[in-house]
Amino acid sequence: SRPNCLFLVNPSSGAKLGESILKIVKTLGRSEKIAINVFEDNFSEKVQSHIRSSLDPWHLIICGGDGTISLVIDKLEKCLSESERERVIYVPMALGTGNDMLRTLGFGPKVGLSHVSDFFKKLDSPSTTVKQMDRWKAKVEQPGLAKPLAEVSWMLYLGIGYDAEVAWIFDRMRKKFTWLFENNV
């Protein structure tokens, strides 16, 4: 068990693999305090409380897909102070469908229950380094309105038009026909 390490888990990622990871981490840590479900209403406040409890760096292992990783980072960046953000190292653990972020960072396309140990060996390897990643922000504005219609933050890429429609249809299909996406290969 590494000090100052929190698991932020999307339990529905990876055909419910996140649910299993949440249970395993809670069992290994002998405490629900090191594993937090990202769908809890106050998950960002719980994380902030942990970070404020120690001035040492924190490893936040985000277990989910690219969307979960982006969402968690966005929420935490909004609630943490600058000094708190400087002490946080985000560690993505890919459980999603595409997992482009993990591929980009050299961790491979997916983590399964049988690969969790390999994931931590690679994480602890001297050859693994912390990398800076860009985050993008956009505002959707309409002339004459004082406030933007929407503000969006994301990592990696943003699709608009046809590619966004294809991604939206795919997301609807995997939620409607979950049995087609049960194999976490």
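Amide hydrogen proximity for Ile36: with H placed 1.01 Å from N in the peptide plane, the residues at 5 or more positions away or on another chain lying under 5 Å are Phe7, Leu8, Val9. Across region 38-48, computed HN-Hα scalar couplings (Karplus, 6.51 cos²θ - 1.76 cosθ + 1.60, θ = phi - 60°) run 6, 8, 5, 4, 10, 4, 5, 5, 5, 5, 4 Hz from first to last residue, x flagging Gly and Pro.
Between their Cα atoms, which of Lys46/Lys122; Lys46/Lys176; Lys75/Lys147 are more than 30 Å away from each other? Distance filter (> 30 Å) returns Lys46/Lys176. On region 20-92, 50 percent of the accessible area sits on carbon and sulfur atoms, based on a 1.4 Å probe.
Please compute the Kirkwood hydrodynamic radius over region 118-178, one decimal place, Å, based on all pairs of different Cα atoms.
Mean inverse Cα-Cα distance, inverted, gives 15.7 Å.
Based on protein heavy atoms only, region 36-176 ends up with 64 Å² per residue of surface accessible to a 1.4 Å probe.
The values are calculated or read from the model by the stated rules, or taken from the named source; none is laboratory data. Everything numeric in this text was worked out from a predicted model, so none of it was measured. Just so you know, the surface numbers come from the protein's heavy atoms only, side chains and all, with ligands and any DNA or RNA stripped out. Shrake-Rupley method; radii C 1.70, N 1.55, O 1.52, S 1.80 Å.
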